[in-house]
Amino acid sequence: MTQLFDTYQLGELVLENRVVMAPMTRARCVDTVANSDTAEYYRQRAGAGLIVTEGTPISPEGQGYAYVPGIWSGEQVSGWRTVTDAVHSEDGRIFAQLWHVGRLSHISIQPGRQRPVSAGAAPAHECKTFAFSDAETDGFVDVSDPRPLSTEEVGRVTRDFAGAATNARTAGFDGVELHGANGYLFEQFLNPSTNTRADHYGGSIRNRTRFLLEAVDAVIEAIGSIRVGIRLSPFSELFDMPSYAEAADTYLYLASELSRRDVAYVHLIDQRPAGTCILDVGFLSAFRACYRGTIILAGGMTQELAEKLVGNNLIDLAAFGQPFIANPDLVERMQNGWPVTTPDPSSYYGGGAEGYIDYPRFARTTA
Ligand SMILES: Cc1cc2nc3c(=O)[nH]c(=O)nc-3n(C[C@H](O)[C@H](O)[C@H](O)COP(=O)(O)O)c2cc1C
């Protein structure tokens, strides 16, 4: 039976184990450039079979939160190079998560204080982001009302994704993950309540998935399919995304289209409220039947569940988010049955080294 700590062949890469560090925004970068703390944070966590970075905006327009590192400029590429060098020096593997937030942004962090863009004009009700209420004051603010992208502009965003993927390879990343989850731009196109378009990007399942698949194709063209993963959150209602009747069909159609394109992996998130599971065995099995490649699953993952799902071949890799915040050596702790530290949510976003690079390894504190 396959074990969680067995190696895994992901395209040309050999992963040391089947534990993935899930992408987590930490909002600790000044001027949108990854810095030495970013490099140290990821270096400490290189024991994961694969690290997926925090969401990384592909363009100024793609930004939704202050203090997040981007990947559209030369300076940002140089910043990320220090991160990938640090992770590779520990024999780790790292993919960049490419992000466009769409409507979940605020004019204070948009170029020229323009309105954020989306598939349609529907605002995200009761959603906040961390931006600026005036030139000097940062804090949580309501997201701004969006405007729909024109048909031509959708092509431009697709090219921005391809450019960011090329930048990621220049920065030394082993690959990229397109952020197609959690209510951001791609989901705003997938969901018919936010996608009210009359052009060939709106309406049928084929049309609503067109933008995402065109972006996948453009990124594959830029860096090759074995280096392109994608994150999806079927049935998630995060950030004011209502459920819809065709959700299962939409994601199973995507599964077969992504299978045809032979992408490196699909990273699913189970957005479960505590104690429940929305991606049940039935849906996971149906998804696996349509998508023949590598499946990663995240969301409330425990070692016990990960061992069961990997052992049963329902998924290939198991992703852990919050446990990696407080346990840089999470894989070693799980392998050895060492206790796992609980992270402090008050230091998840923003600030400096505290709650970021000062969580100790277990062995070092007890040896
Ligand atoms: C602080 C924090 C930041 C996050 N940022 C991102 C992000 O940038 N991109 C993303 O796809 N998911 C993000 N997530 C979701 C995680 O990747 C993960 O799916 C979620 O935390 C559930 O896994 P867990 O229960 O193991 O923490 C974030 C979660 C947390 C706690």
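The values are calculated or read from the model by the stated rules, or taken from the named source; none is laboratory data. Only a predicted model underlies this, so the values are computations on that prediction, with no experimental measurement involved. Cβ sites come from the backbone with ideal geometry, for glycine too, and all protein chains shown count toward neighbours. These accessible areas exclude ligands, DNA and RNA; they are computed on the full protein's heavy atoms, side chains included. Shrake-Rupley method; radii C 1.70, N 1.55, O 1.52, S 1.80 Å.
Out of the residues in the stretch 100-142 that are open to solvent by 10 Å² or more (accessible area, probe 1.4 Å) and within 9 Å of Gly64 (Cα to Cα), which is nearest to the ligand (Cβ to nearest atom)?
Here the residue is Phe130.
Tell me which of these Thr341 doesn't satisfy, since it passes every other one: (1) at pLDDT 95 or above; (2) more than 30 Å from Ala164 (Cβ to Cβ); (3) open to solvent by less than 30 Å² (accessible area, probe 1.4 Å).
The number of the failed condition is (3).
Of the conditions (1) within 16 Å of the ligand (Cβ to nearest atom); (2) open to solvent by 40 Å² or more (accessible area, probe 1.4 Å), Leu50 clears all except one; give me its number.
Of everything listed in (1) within 16 Å of the ligand (Cβ to nearest atom); (2) open to solvent by 40 Å² or more (accessible area, probe 1.4 Å), Leu50 misses just condition (2).
Somewhere in the stretch 135-158, is a residue of a type in the set (Asp, Glu), in contact (Cβ under 8 Å) with a residue 12 or more places away in the chain and at positive phi?
no
Which numbered condition in (1) charged (D, E, K, R); (2) at pLDDT 95 or above; (3) out of contact with any His (no Cβ under 9 Å at 6 or more places or on another chain) is the only one that Asp31 fails?
Answer for Asp31: the failing condition is (2).
Taking the stated definitions as given, is Tyr356 open to solvent by less than 10 Å² (accessible area, probe 1.4 Å), touching a helix residue (DSSP H, G or I) at 6+ places or on another chain (Cβ under 8 Å) and of a type in the set (Ser, Thr, Tyr)?
Yes; evaluated as a whole, the condition is true for this residue.
State whether the residues of the stretch 157-175 include one that is in contact with a Leu (Cβ under 7 Å, 6 or more places away or on another chain) and either open to solvent by 10 Å² or more (accessible area, probe 1.4 Å) or at pLDDT below 95 (or both).
yes
Of all residues being of a type in the set (Ser, Thr, Tyr) and within 14 Å of the ligand (Cβ to nearest atom) in the stretch 1-44, which is most open to solvent (accessible area, probe 1.4 Å)? Just the residue, please.
Filtering the stretch 1-44 for residues that are of a type in the set (Ser, Thr, Tyr) and within 14 Å of the ligand (Cβ to nearest atom), the one most open to solvent (accessible area, probe 1.4 Å) comes out as Thr25.
Out of all the residues in the stretch 308-367, which are closer than 21 Å to Asp37 by Cα, within 14 Å of the ligand (Cβ to nearest atom) and in a helix (DSSP H, G or I)?
Gln322, Pro323, Phe324, Ile325, Ala326, Leu330, Pro345, Ser346, Ser347
Of the residues Trp80, Trp72, only one is in contact (Cβ under 8 Å) with a residue 12 or more places away in the chain and open to solvent by 30 Å² or more (accessible area, probe 1.4 Å); which?
That would be Trp72, the only listed residue that is in contact (Cβ under 8 Å) with a residue 12 or more places away in the chain and open to solvent by 30 Å² or more (accessible area, probe 1.4 Å).
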